[in-house]
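The values are calculated or read from the model by the stated rules, or taken from the named source; none is laboratory data. This structure is a prediction, so every number in the text was calculated from the model and none was measured. Because the Cβ atoms are built from the backbone with ideal geometry, glycine has one as well, and the counts that use them run over all protein chains shown. Ligands, DNA and RNA are stripped out before the accessible areas are found, and what is left, the full protein with its side chains, is counted by its heavy atoms. Shrake-Rupley method; radii C 1.70, N 1.55, O 1.52, S 1.80 Å.
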Amino acid sequence: MAKTMKIKNGIEALELSMNVMGNVSKICPTLLWDENEAILVDTGTPGLLPAIREAFEEAGVPFHKLSKVILTHQDFDHIGSLPELLKEFDGPIEVLAHKEDKPYIEGDKPFIKMNKEMMLKRIEALPTEQREQFLSMLEMDITSKVDTTVEDGQYLPYGGGITVIFTPGHTPGHISLYHHDSKTLITGDAIVADNGKLLGPNPPVTPDLNQAYESLKKFTSHDIETVICYHGGVCTDNIKEQLEKLAESK
């Protein structure tokens, strides 16, 4: 069952369950809305469209109001349900992402971390059932067209106002978002969290860890009260101090 956590009127963290090779974990896309439209930040793994619909209902937002999807980056657990979602709508849904990740999302370049040759080596030791499940996932076409590219510092004048923060390292075109009205930072995978503690980037899935930590310094220039980590959920305690500590850690 999908759950939501209200941050402020017009912004909620969606709590969805992701199942990858039998490992179930929570992911947190973000829903932003106003009287005119709804914006979804990231879409989860393939097959999560019903849970996304349910989360909209839980938040009291009509699903048909969805007009934009902002992708923080190219990884399959962030773009996986986008093709299904786009097919669901008769009208256009605008897809936004950074230009550096656009060719991966659109399929012009192979995904950096879902490269088939690389992944085959990583799953050799898995039990047969899990290996076959992962191979079937690798065969899925989860690419989608990016309609609009965004850049560092760009202000998006909808959903309470959003500033794009370019935070490369986890992927070349990773972005985070600052939601002005609620003073909320939407981190994507720039930061993960555990029980309210911000832990920084996850090293095994961050190709350029030094760059990823360097990117975190940008967060300290914003007035942030709440952080939504895609992996780890909502954090509200001592946010300024936690972000400053992370920015100084590398």
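Things to note:
- Tabulated pairs, the range 195-222, first more than 17 Å from VAL234 (Cβ to Cβ) and at pLDDT below 95, second in a helix (DSSP H, G or I) and open to solvent by 70 Å² or more (accessible area, probe 1.4 Å), C-beta under 9 angstrom, 6+ apart or interchain: none
- Neighbours by Cβ (under 6 Å, 6+ apart or cross-chain): first from the range 70-85, in contact (Cβ under 8 Å) with a residue 40 or more places away in the chain and over 14 Å from ASP147 (Cβ atoms); second open to solvent by 20 Å² or more (accessible area, probe 1.4 Å) and part of a helix (DSSP H, G or I): GLN74/TYR104
- Selection status of SER176, assigned to a strand (DSSP E or B) and not hydrophobic (A, V, I, L, M, F, W, C): yes
- All positions within the range 202-236 that are of a type in the set (S, T, N, Q) and under 19 Å from GLU12 (Cα atoms): THR226, THR236
- Filtered by the rule that a residue be basic (Lys, Arg) and closer than 20 Å to PRO29 by Cα, the range 178-231 gives LYS183, LYS197.
- Pair list, Cβ < 7 Å and 6+ apart or interchain, from the range 228-247 residues that are closer than 22 Å to VAL205 by Cα to residues that are open to solvent by less than 10 Å² (accessible area, probe 1.4 Å) and among the polar types (S, T, N, Q): ILE228/THR30; ILE228/THR184; ILE228/THR187; CYS229/THR187; TYR230/THR187
- Any hit, the range 72-84, residues being among the aromatic types (Phe, Trp, Tyr) and closer than 22 Å to HIS174 by Cα: yes
- Selection within the range 18-37 - in a strand (DSSP E or B) and either in contact (Cβ under 8 Å) with a residue 60 or more places away in the chain or farther than 22 Å from THR226 by Cα (or both): MET18, ASN19, VAL20, ASN23, VAL24, SER25, LYS26, ILE27, THR30, LEU32, TRP33
- Matching residues, the range 28-48, being among the polar types (S, T, N, Q) and either buried (at least 24 other Cβ atoms within 10 Å of the Cβ) or at pLDDT 95 or above (or both): THR30, THR43
- Selection within the range 195-229 - in contact with an Asp or Glu (Cβ under 6 Å, 6 or more places away or on another chain) and among the hydroxyl-bearing types (Ser, Thr, Tyr): THR220
- Of the residues examined, VAL61 is not one that is closer than 17 Å to HIS174 by Cα, touching a strand residue (DSSP E or B) at 6+ places or on another chain (Cβ under 7 Å) and hydrophobic (A, V, I, L, M, F, W, C).
- VAL227 open to solvent by less than 70 Å² (accessible area, probe 1.4 Å), hydrophobic (A, V, I, L, M, F, W, C) and modelled with pLDDT under 95: no
- In the set (1) open to solvent by 10 Å² or more (accessible area, probe 1.4 Å); (2) in contact with a Leu (Cβ under 8 Å, 6 or more places away or on another chain); (3) assigned to a loop (DSSP other than H, G, I, E, B); (4) among the small types (Gly, Ala, Ser), the condition left unmet by ALA51 is number (3).
- Of all residues making up the range 184-217, the number that are open to solvent by 70 Å² or more (accessible area, probe 1.4 Å) and out of contact with any helix residue (DSSP H, G or I) (no Cβ under 6 Å at 6 or more places or on another chain): 9
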